[in-house]
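Asker: Below: one structure in structure tokens.
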Amino acid sequence: MTDLHRLSIRELSEGLKTAQFSSRELTEHYLKRIAQIDPKVKSYVTVTAEQALAEANAADAALKAGNAHALTGIPLAHKDIFCTQGIKTTAGSKMLDNFISPYDATVVAKAKAAGLVTLGKVNMDEFAMGSTSENSYVGATSNPWALDHVPGGSSGGSAAAVAADLAPIATGTDTGGSIRQPASFCGLTGLKPTYGRVSRFGMIAYASSLDQGGPMARSAEDCAYLMNVIAGHDAKDSTSINKDVDDYVANLNGTAVKGLRIGIPKQYFNVAGLDADVKARVEESLKKLEEMGAILVEIDLNMTEAYVPTYYLIAPAEASSNLSRFDGVRYGYRCENPVDLMDLYKRSRSEGFGAEVQRRILIGTYALSAGYYDAYYVKAQKVRRLIQQDFLKAFENVDVIAAPSAPTTAYKIGANLSPTEMYLGDIYTLAVNLAGLPAINAPVGFDKDSLPVGLQLIGNYWSESQLLSIVHQYQQNTDWHTKRAAIAEENA
């Protein structure tokens, strides 16, 4: 079958269970596409063909025996920030270019237990720091919709792989928008769950109080299938919350759009730099939801101007602490012929880390230093609480909050945005991580250059089912999520 890559997760699951095709055939189909198409997209860092075929054979045996999970035999790609036993895990950095993980991240282990087949590891901004996937030691990934544009970041490899039909689903991580923004840039659905909903064990840390793993796929339904696998409490992760997990697939029609109150923050639609096409497509999607019975309610989110400065104090401070372990001593990159211990530290870190990572470490170290800790870091944490309270006050009157996922569509590769310009591009996503809330991106159209535009819906704590349900019903009434880039239409 030449069109297996056009099937949804539900269709793939049904096809495998009714023996219309085998997991090995499906896996070979994707591996062939990766070999022929990915040299143009550059989404994969490591392709694990031999392991994937072995896992596919095991999945076929489980399917034949009748003891398979809903996703048994379905391939996926993992962001190269999730540790994978026996496979290189680089986090997009020269620092870890020689690191073979001795264990699996919990997300990876859960996917394996469910019988999913790992196609490989996909590219990302180094240590998840960036919005373009250009900050990678192995080079930039291209956006399948326009190969001279970025796919977003830091989960750009995950987004590009799915958008080019080089994997049906992928894992991503979101520290300040790194699932939602690349999903927006690549015309996908991407869910950032409530902080603590998905285990961070084995997920290489950037900013521990902000990082959260989640699914990236074409549709809300596909995301729901993967959420059913990866969500849940993990005793190995002290920040994981012991709370019952919904059946996200069963609940896809569980939220009535009719009567749903959607908050429209007036500050969000007056942000300097909001592209006219992005604003128009988002407003059209809200109009569609209104036609489906939703009620649009204008709200105030008065802390909007504090999002970027607050995030870019807290996240670098935590990065400074987390990345101090990479010192050339225990594992990872080590400089050649150090003259003493200080030389080992200095050269290993300056040679192993890229420019953006070094920039954030320096900002964070400064914010945590004596004399500045109270003035910057502690103050930022206090403002963070005010941002959270701003959202909670809004949720007293509305069910979800709508916003663009990004103020623009995908940038050109090599656009050379200043750090400040790049940071301001995260204006709509950062606060969700600061508050620990869930949020989802849905594709809602294209700009004048035929680049995808995304709508972001932000929910209250533990409302992943509600967000997936709203987007699923929107996708039953629109076809934006079915649109494919020309490169995805190529048959390998």
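Asker: Scan region 135-159 residue by residue and report those that are buried (at least 24 other Cβ atoms within 10 Å of the Cβ) and touching a Gly at 6+ places or on another chain (Cβ under 7 Å).
Answerer: Asn135, Ser136, Thr141, Trp145, Val150, Gly153, Ser154, Ser155, Ser158, Ala159
Asker: For region 444-464, enumerate the residues that are open to solvent by 10 Å² or more (accessible area, probe 1.4 Å) and in contact with a strand residue (DSSP E or B) (Cβ under 9 Å, 6 or more places away or on another chain). Before the answer, list the steps.
Answerer: Looking only at region 444-464, we keep the residues that are open to solvent by 10 Å² or more (accessible area, probe 1.4 Å), and these are 446-450, 460-463.
Listed by number, the residues that qualify are Phe446, Asp447, Asp449, Ser450, Asn460, Ser463.
Asker: Six or more apart or on different chains, Cβ atoms under 8 Å: show the pairs whose first residue is in region 187-215 and open to solvent by less than 10 Å² (accessible area, probe 1.4 Å) and whose second is among the basic types (Lys, Arg) and in a strand (DSSP E or B).
Answerer: Pairs that qualify, where the first residue is open to solvent by less than 10 Å² (accessible area, probe 1.4 Å) and the partner is among the basic types (Lys, Arg) and in a strand (DSSP E or B), are Gln212/Lys192; Gly214/Lys192.
Asker: Across region 7-52, what is the number of residues that are closer than 17 Å to Ala217 by Cβ and of a type in the set (Lys, Arg)?
Answerer: Residues flagged as closer than 17 Å to Ala217 by Cβ and of a type in the set (Lys, Arg) within region 7-52 amount to 2.
Asker: So, in region 295-316, of the ones that are over 18 Å from Val432 (Cα atoms) and of a type in the set (A, V, I, L, M), which residue ends up most open to solvent (accessible area, probe 1.4 Å)?
Answerer: The first filter runs over region 295-316 and keeps only residues over 18 Å from Val432 (Cα atoms), leaving 295-298.
With the extra rule that they be of a type in the set (A, V, I, L, M), the set shrinks to 295-297.
On the way: Ile295: 74, Leu296: 58, Val297: 28 Å².
In this case the residue turns out to be Ile295.
Asker: When both residues are 6+ apart or on different chains and their Cβ atoms are under 7 Å apart, which pairs have a first residue that lies in region 320-332 and is closer than 20 Å to Ser209 by Cα, and a second that is part of a loop (DSSP other than H, G, I, E, B) and of a type in the set (Gly, Ala, Ser)?
Answerer: Asn322/Ala205; Asn322/Ser208; Phe326/Gly332
Asker: Scan region 329-358 for residues that are open to solvent by less than 50 Å² (accessible area, probe 1.4 Å) and modelled with pLDDT of 95 or more and report the count. Write out each step before concluding.
Answerer: At the first step, the residues of region 329-358 found to be open to solvent by less than 50 Å² (accessible area, probe 1.4 Å) are 332-333, 335, 343-344, 348, 352-354, 356-357.
From what's left, modelled with pLDDT of 95 or more: 333, 335, 343-344, 348, 352-354, 356-357.
Of the residues in that region, 10 qualify.
Asker: Name the single residue, out of those in region 359-370 being farther than 22 Å from Asn135 by Cα and either among the aliphatic types (A, V, I, L, M) or touching a residue at least 60 places away in the same chain (Cβ under 8 Å) (or both), that is most open to solvent (accessible area, probe 1.4 Å).
Answerer: Just the residues of region 359-370 that are farther than 22 Å from Asn135 by Cα, to begin with: 366-370.
Applying the additional criterion that residues be either among the aliphatic types (A, V, I, L, M) or touching a residue at least 60 places away in the same chain (Cβ under 8 Å) (or both) yields 367-368, 370.
Details: Ala367: 1, Leu368: 62, Ala370: 98 Å².
Among those residues, the one meeting the criterion is Ala370.
Asker: Tell me which residues, restricted to region 371-428, are without any contact (Cβ under 8 Å) to a residue 60 or more places away in the chain, surrounded by 13 or more Cβ atoms within 10 Å (Cβ to Cβ) and among the hydroxyl-bearing types (Ser, Thr, Tyr).
Answerer: Tyr372, Tyr373
Asker: Would region 29-44 turn up any residue that is among the polar types (S, T, N, Q) and closer than 24 Å to Pro182 by Cα? Talk me through it step by step, then tell me what you get.
Answerer: At the first step, the residues of region 29-44 found to be among the polar types (S, T, N, Q) are 36, 43.
Right, trim to closer than 24 Å to Pro182 by Cα and you get 36, 43.
Within region 29-44, one or more residues are among the polar types (S, T, N, Q) and closer than 24 Å to Pro182 by Cα.
Asker: I need the full set of residues from region 393-425 which are at pLDDT 95 or above and touching a Pro at 6+ places or on another chain (Cβ under 9 Å), in order please.
Answerer: Ala394, Ile401, Ala402, Ala403, Thr409, Ala410
Asker: Sticking with this structure for a sec: Among the residues of region 319-348, which ones are basic (Lys, Arg) and within 18 Å of Met129 (Cβ to Cβ)? Don't jump to the end; show me each part of the working.
Answerer: Of all residues in region 319-348, those basic (Lys, Arg) come to 325, 330, 334, 346-347.
Listed by number, the list holds a single entry, Arg325.
Asker: Let me ask another. Name the helices (runs of 4 or more DSSP H) wholly within region 135-244 that hold at least 2 residues that are polar (S, T, N, Q)?
Answerer: On the way: elements: 156-163, 180-185, 220-230.
Passing ranges, in order: 180-185.
Asker: If you check Thr118, Thr173, Thr141, which single one turns out to be polar (S, T, N, Q) and farther than 26 Å from Gln358 by Cβ? Outline the logic, then answer.
Answerer: Values: Thr173 fails: farther than 26 Å from Gln358 by Cβ; Thr141 fails: farther than 26 Å from Gln358 by Cβ.
Going through Thr118, Thr173, Thr141 in turn, the sole match is Thr118.
The values are calculated or read from the model by the stated rules, or taken from the named source; none is laboratory data. Just so we're clear, the structure is a prediction, and the values are computed from it rather than from any experiment. Glycine also receives a Cβ, built like all others from the backbone with ideal geometry; neighbour counts cover every protein chain displayed. Accessible surface areas use protein heavy atoms only, side chains included; no ligands, DNA or RNA. Shrake-Rupley method; radii C 1.70, N 1.55, O 1.52, S 1.80 Å.
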